[in-house]
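Below: one structure, written as structure tokens.
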Amino acid sequence: MKKPILIVRTVSVEKISEALDLCLEKWPGHPLIVATTANRSKELANDNRIDRLEIVDTGPRGYDRIFHLEEHLEAVVFPIGNKNGSGYGNVFRAFSSLCARNFYMSPYCRDFRSMGRLRLKLKYGTELALEELLSVFGRIWAQRLIRGIDL
């Protein structure tokens, strides 16, 4: 039996539909699993292209908890709504520890870009570090604005 493809739902139902078609074309005969939140699963429950839905337990910031799956996967696909994956650091982090042969970004759900595990870690590490750094500057700026001090 062929190893499954895991598609992480991060985009609208229309865009995930395009990603499903791309996956079926690239990996014919592989089962498709879609990881999604409980409140978004109903939109995909009757899609015959999907073999199984995996409900993801998310935190207050979306996909901010590590996702575990015992199966070995052929690929993990991240459909994204921009060109380079900016803003998806939490998603990459949550799914980067899965046992998969390959990881792919699918910008605008049009094609696949291979991402090694190291690249995933660098993307989310950089994004999270920048978020921390910029939040410090944001707090300082907010305090100055509250006090009425010109920058």
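The values are calculated or read from the model by the stated rules, or taken from the named source; none is laboratory data. Because the structure is predicted, anything quoted here is derived from the model rather than measured. Cβ sites come from the backbone with ideal geometry, for glycine too, and all protein chains shown count toward neighbours. Surface areas here come from the heavy atoms of the whole protein model, side chains and all, with no ligands, DNA or RNA. Shrake-Rupley method; radii C 1.70, N 1.55, O 1.52, S 1.80 Å.
Please identify the pairs in which a residue from region 34-55 that is under 12 Å from VAL8 (Cα atoms) has its Cβ atom under 8 Å from the Cβ atom of a residue that is part of a loop (DSSP other than H, G, I, E, B) and β-branched (Val, Ile, Thr), counting only partners at least 6 apart or on another chain.
VAL34/ILE50; ALA35/VAL56; THR36/VAL56; THR37/VAL56; THR37/THR58; ILE55/THR37
Residue under question is ARG9, and the condition is that it be open to solvent by less than 30 Å² (accessible area, probe 1.4 Å), of a type in the set (Lys, Arg) and touching a helix residue (DSSP H, G or I) at 6+ places or on another chain (Cβ under 9 Å); does it hold?
It is true that ARG9 is open to solvent by less than 30 Å² (accessible area, probe 1.4 Å), of a type in the set (Lys, Arg) and touching a helix residue (DSSP H, G or I) at 6+ places or on another chain (Cβ under 9 Å).
Being in contact with a Cys (Cβ under 9 Å, 6 or more places away or on another chain), in a strand (DSSP E or B), modelled with pLDDT of 95 or more and of a type outside the set (Asp, Glu), is that true of even one residue in region 12-28?
The answer is no; no qualifying residue exists.
May I ask you to say which residue of TYR88, TYR108, TYR104 is at positive phi, at pLDDT 80 or above and surrounded by 11 or more Cβ atoms within 10 Å (Cβ to Cβ)?
TYR108
Return the pair list, or none, for Cβ contacts closer than 6 Å from residues in region 125-151 that are closer than 27 Å to ASN90 by Cβ and among the charged types (D, E, K, R) to residues that are at pLDDT 80 or above and part of a helix (DSSP H, G or I), at least 6 apart or on different chains.
GLU127/GLY89
Inside region 28-53, can you point out the residues that are more than 13 Å from the chain's Cα centre (by Cα) and open to solvent by less than 40 Å² (accessible area, probe 1.4 Å)?
If the condition is that a residue be more than 13 Å from the chain's Cα centre (by Cα) and open to solvent by less than 40 Å² (accessible area, probe 1.4 Å), then HIS30, PRO31, LEU32, ILE33, SER41, LEU44, ASP47, ILE50 are the ones that fit.
Please list, ordered by residue number, the strands (runs of 3 or more DSSP E) wholly in region 33-151 having 3 or more residues that are touching an Asp or Glu at 6+ places or on another chain (Cβ under 8 Å).
100-107
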